[in-house]
Structures are given as C-alpha cells and as structure tokens.
Amino acid sequence: MKKKIFIAIMMVLSANLMNAQPITIKSEKVASVPLREINNALWTAATEYIVPIFPQNIANPMLAIPSVKNLKVKSINDGTTVGFLLEWTDSTKDIIVDADKFCDQVAIQLPMHPDTLPVFMMGNKKGRVHIIHWKGIWQNDVENGFRDVKDAYPNYWADIYPMAEKQGDGTNGKFAKDISASDYSKGQGNNFMPASYAGNPMSIFDRKEPSEECMAEGYGTLTTQTTQNATAWGVWENNTWKVIITRPIVSPDKDDAPLTAPTKIAFAIWNGHFENISGKKHYAQWTDLIIQK
Amino acid sequence: MATVKNWQLKKDMKYPYEENRPNKQIAYIFDTNKCIACQTCTVACKTTWTSGKGEETMFFNNVETKPYGGYPLKWDLNTLKMMGEQSWDKVTGAYKGKTIFDDTKGENVNGWRPAERDYAFPNMGEDECSSNVNKGAFFSGIHDTWMFYLARICNHCTFPGCAAACPRKAIYKRPEDGIVLIDESRCRGYKECVKACPYKKTFFNMVTRTSEKCIGCYPLIEQGEQPRCVQTCIGKIRLQGFLSKPGEAKADNPIDQIVHIKKIALPLYPQYGTEPNVYYIPPIHVPTDFLHQMFGPGVDKAVAAYKNLKNDPDLLAAFLLFGNTPKITHHYKREGDFTVSYNEAGEVLAKVPMTEPVYVRPYDDKDHGTFRHNTP
C-alpha cells in the first residue's frame, strides 16, 4: 500500500515538474558522434537544453545541501549511435575514492517501456529503467591507471601479501608493495579481495570504459547489466564537467531501453566534494527525448 | 521507522526495519579484567581475514587502551558527542536519551564517517594511564590512576546500524546465527555503513572499493567452533556462544548465565541502541562514572558480582569454560569438582576442574641427585 502511495506521489510530482519545465531534447542527426572529443565542432554546434536539477529529498539517504542547479544537455546521433553531452558547473574535480573521499558522477536514465512510464527515481517494480552511469573514479582508472595502494601512499610498506609471497620476495627489486591489484587478483590472492572474488563490478582493476550500464526497478535495486555497450568520457576544465555518454540507438541487448520512438530521459548528478553518494544526489525528472532521423 | 523492543535499554525504540530476531544469536563475553593487550587476537584475525591488498589498515579485531586509545581515532567520543545527554532512569533502569536512530536528518542513522588518517593509529594511547601517578603512590597501596584494555570486534548487533543505513540492503543478519554480513557481490562502496556503525567496525577497502566487516568467522561457527579471536586468546578472556532471546534465558547456557541471569557482563555503549552482542565484564578498578557511560547502569552490580565470583559456584563454573575448548559450548553443568561443557548434541567438549590442582615439587630431586631452586 505504501509503495502504491509512493508511486502515486512520484507520478503527480513528476507531472507537476514536467508541466513547469516543458523541455523536449531533440537528438540531432550528424555524420558521426565524437565519443571523447568534448570540444568537437559537432558538439559545439548542437542545440543546448538546460534541465533544472533538484536535490533528492524523497527517500533516505537524502541530499541535504544541493550544489548543482542545472544541467546543460546536448544530444546528437549518426543513425547508429546516440550521444549526450552533459555539462554542469563544479568548482572541484573529484576523481578519487577513499575512506573519506567521494567522486563526481553523472547518469542518464531511460525507461524500458515509455508508454507505461515508471517512477523517475530509479523506476519501480515492473517499471524497469536503463541507467548509464559515468563515475569520476572510473575515468581516473582509464586515464591514469588504477589507483593502487602505492599510488595513494607512495612510502608505504607491506611485508607480504598472502598467496603472493613469491611475487614480492625481493627478486628483481620487486617487493610486496609493488604487486599490483590486478596481478594480485589474478592469483590466489583474490581470496583476500572479497568483492573481487565475488565478481563485484566495483572491483575491476583493468577497466576500459568509465561507464556502467545498469538496470533498476526502484531504490536499492541497481544492477549491472551483463552486456556493456555504452561509452562515456569526462573532461573537467574551467570549473565545469563535460561528460559524453553514448550508446547504440538500436541495441541487441534486451536490457537496453528502446530509443527509436519518442521516449523520456532523466538525469542524476553527484558532487564528490560534498560527499554525494548513493541517494545523496541531484536529479532531473523525466524529460521528453526524440532521436531525430 | 518501525518500533522495536531493545531489552538492553528496557524500552521501545525506532529502527528502520521490523524486529526480527534470529533463531540463534551469536554472542561473546570479554573479560576486560583478564586482557593484557597481547594482540594475539588482533594478529589471528588480521592474518586470517584482512591481510590482502586494500586491507592494510583494517582491523576487524583490535585491542585499545582506555581511556585515551581508540581505533579509528575517537570512534566512541564522536558518536557520544552527537547523541546529547544519555541518562538512565534510576528506578526502572530504562534509557532516557536518544539512540543513533533518532534525529537522523534525512538518513536512517545518525552517524559520522572517519577520515582516512583516523585508521592510521591503531595503537594510539596504548598503555597510557588516566593521569600521572603521584610520587610515592606506587608504594602506598591503591592509587586513583587507571587504564584498561578494551578488545573490540563487530558486535553482530540485533539492530545493526550498518544494515539500517545501507540503501541497497546489501547487509543482512543471518537467521541461523545472527551474524551480520556484507554481501560483497552487491556492495557498491557507498560507505553509508561506515558512517552508520557507531562501533566503526565496517571498513572501506580502497582497492576493491567496497566495504568489509568481521564475519564472525562463520565458517568456524558452522562447524561448531569458536571464532579465531576467541580460540587464540592466550589470556582466556573470551567465550563465544549463543544468547537466548530476552525472557528465554537458560541457566545451563553459560552465555545466558553470565549475561541474562547474573548480569555480570554488559553491552558496550548500549545507549547507541543497536543491541550489541559482545558483552564485557567491566574492569573492577576503574571509576564507575566512566564505566556507567561505557556499559550502562548495570555496572555496580556487575562489579560486585565479579568480586563475589568465588562464592558463586554456578557462575564460577561458567567462567572456567573461557578458553578451555575451541568448540562452542551450548550447555554446561557443574559436576562435583568439575565444570563440564557440552555441544549442541549433548557430547562432552571439556571437563575443567573447579579448583586448579596444586603440586608441590620436593626441593630435593633424588632422581638427579640435585636440589631444585629458582635461579635469579
């Protein structure tokens, strides 16, 4: 019963917000979609839409203090791939994660069934959404390599790491501290990296793309898709993040949302400097999206 | 928020989920009077579970010196400061203050998150006394300077703060034994549990980018054995077993006998509201004001009962089980001059003499034609 009331509130809220900000994002047809060149002329020439952003204050944990007011969105497509350039003001570049460090992130969300539109906040049961999520720490992984213990603490020392005694026995000047997370995870050492052992997508040490494709049917249900066919790339300059997210317009992956007919798109932004994480995020509710042919 | 009954606070309190006690609840008793901070438990745990990459500063088990020690730094002080006044009703013994599930301000738990450096000093304050000992006080008998060692692990709380805070419900409490676990395949490293746990016993792994915590050595528990930290304790300060639900205490369960019946072992900072399941026998030489804050209002009676232990053979029999079998004692019985430990199937695990036999060696060793004597 509570869930039904919640969904009803979400629907009303969604409708009200949409009435207040009637935006239709039109993805313009171009020759090709630049995947990583944020300042490419094709992106510069595309129409810019300003989407209002709100602090998530519907479910715990909530975002107490918002730090982003709006998101600039551009979209282009080449008939095969659709891309979104997302731009927002952020005076700090946060691309590290640690006990007390959080990274900047942005995500787009698409409904699996636009005709029976799910709740804009991560969908609802049987109202699945498709989410493509860019993370600053993953961008750092791809650009600068995985941030290992030695990178964080250059002067640290470890006598041994279990199951990797020979790898770090001093031969050729290589000690335990020099064993990379990637190498460690490939041997029996993976037993001592529980999340990696469990196949957790957070624990990938040779990442190729800073994006994660997920699906969700409500809070706490975010699940990584088996097939990852989206791309992302982020650049921080002049106190601004510019992130390109792309995916195929027609995808063979049954978990990807359809895009050929008019649909909706929603957004979420996390500001790592203010410890934004999980539900502590900024969001934009459903906005109309048309992929022009 | 649901309303749950917290027997340690003697009152109902708010919790995000309905009360759902496990079939069995893992529980530990730590006797602070016997701990010498040798850190054997710490090393046993570290070697077994947290010696991989990203776990360098992670101690599921640590032993710190009170009053000044703490790992991570100020783990208890910061929470106590946030909670405001924490008083107990002098008549009913019920807690009158707020728990970590009150005043949560848009979150499920009122918590704080340690900084990276807070994990860098696990031996901060080690062996430091509460104050200087006045000149000559060493020789004049009892002085008022004190310290004690506090061994800490995950409390496998009945109402875990970590589980309450996880937005993904990736933390769960096992119905078969009450052990609280993180699902390492679902955790996404939000660190909400790190912030929420008032005992700071969930940790963020910077390499795997997920949170990790004490698993109660469940592979051992499933085989009827006590956890590593308990088995290896050379001071025999620890006993692990299962605590019955409130009102269902069994006199032949040593944990029930010590916690529920004789009330000699007390929860650590019960005012947090999580109903922790590691029970401490308070240090008998420490000022009671400090102990009241740390273990609640039952301290005075617990200390008195501990001092009277030699006159309470049933309680003494339970105490003699500490460190005398690697297996989990489900029942015990005082039989003549022995206390006998039984497993769940009723098989004998250990038989411990109530009085340690004393053997006096003759000064004259006739076999070797020499005299035995102590050599300085």
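Read the figures in this text as sums done on the coordinates, not as results from a lab. The structure displayed is predicted, hence computed values, not measured ones. Ideal geometry is used to build each Cβ from the backbone, glycine not excepted, and the neighbour counts take in all protein chains shown.
Per-peptide packing, taken as the mean over residues of other Cβ atoms within 10 Å, places A:250-260, A:110-120 in the sequence A:110-120, A:250-260 from highest down. Computed over Cα pairs, the Kirkwood radius of the range B:1-151 leads via Stokes-Einstein (1.002 mPa s, 20 °C) to a diffusion coefficient of 114 µm² per second. The mean count of C-beta atoms from other chains within 10 Å of the C-beta of residues in B:186-197, rounded to a whole number, is 5.
Overall, the anisotropy analysis places the range A:189-261 in the oblate class: the square-rooted eigenvalues a ≥ b ≥ c of its C-alpha gyration tensor yield a/c not less than 1.5, with a/b not exceeding b/c. For the range A:16-146, the extents of the C-alpha atoms along the principal axes are 44, 41, 27 Å, listed from largest to smallest. Between A:Asp148, A:Asp178, A:Asp169, the residue with the greatest mean-square fluctuation in the GNM of chain A (Cα pairs under 10 Å linked by springs) is A:Asp169.
Averaging the Cα positions of each part gives two centres, and for the range A:95-129 and the range B:199-239 these lie 35 Å apart. Based on C-alpha pairs under 8 angstrom that are at least 6 apart in sequence, the range A:116-240 has a relative contact order of 35 percent.
Magnitude of the Cβ-charge dipole of the range A:72-176, K/R +1 and D/E -1, about the Cα centre, nearest 20 debye?
On the way: 12 positive and 15 negative charges, 92 e Å.
Charge dipole of the range A:72-176: 440 debye, to the nearest 20.
Computed about its Cα centre, the charge dipole of the range A:163-256 is approximately 220 debye, with only Lys, Arg, Asp and Glu carrying charge at their Cβ. Each Lys or Arg adds one and each Asp or Glu takes one away; over the other residues whose Cβ falls under 12 Å from the Cβ of B:Lys307, this sums to 0.
Considering only alpha-carbon pairs that sit under 8 angstrom and 6 or more positions apart, the relative contact order computed for chain A is 29 percent.
Using a Gaussian network for chain B with springs between C-alpha atoms less than 10 Å apart, which of these wobbles most: B:Tyr190, B:Tyr95, B:Tyr332? Looking only at B:Tyr190, B:Tyr95, B:Tyr332, the biggest GNM fluctuation is shown by B:Tyr190.
Give me the log10 of I(q) over I(0) for chain A at q = 0.10, 0.14 Å⁻¹, as the Debye formula computes it from C-alpha points; what are the numbers? Taken in order of the listed q values, log10 I(q)/I(0) reads -0.58, -1.04.
For the listed peptides B:11-23, B:235-247, a ranking on the average number of other beta carbons within 10 Å per residue, highest first, reads B:235-247, B:11-23.
When only Cα pairs below 8 angstrom with a gap of at least 6 residues are kept, the range A:149-197 shows a relative contact order of 31 percent.
From the square roots a ≥ b ≥ c of the eigenvalues of the alpha-carbon gyration tensor of the range A:149-197, which class results: rounded (a/c under 1.5), prolate (a/b over b/c), or oblate? Because a/c hits 1.5 or more and a/b fails to exceed b/c, the range A:149-197 counts as oblate. Spherically averaged projected area of the convex hull of Cα atoms, the range B:54-116: 6.4 nm². What the Kirkwood sum gives for the protein assembly as shown is a hydrodynamic radius of 27.8 Å, with every pair of different alpha carbons counted.
Ranking B:Leu77, B:Cys187, B:Ile153 by how far each Cα lies toward the positive end of the dipole of chain B (charges on Cβ) leaves B:Cys187 at the top. Could you please report the charge total around B:Met124, scoring K, R as +1 and D, E as -1 over all other residues with beta-carbon less than 14 angstrom from its beta-carbon? Here the count lands on -1. With springs connecting C-alpha atoms under 10 Å apart, model chain A as a Gaussian network and identify which of A:Lys174, A:Lys29, A:Lys281 has the largest mean-square fluctuation. Greatest mean-square fluctuation among the candidates belongs to A:Lys174.
Plugging the Kirkwood radius over Cα pairs into Stokes-Einstein for chain B, at a temperature of 37 °C and a viscosity of 0.692 mPa s, what D comes out in µm²/s? It comes out at roughly 150 µm²/s. For B:Lys90 and B:Glu344, the FRET efficiency from 1/(1 + (r/R0)^6), where r spans their Cβ atoms and R0 equals 35 Å, is about 0.30.
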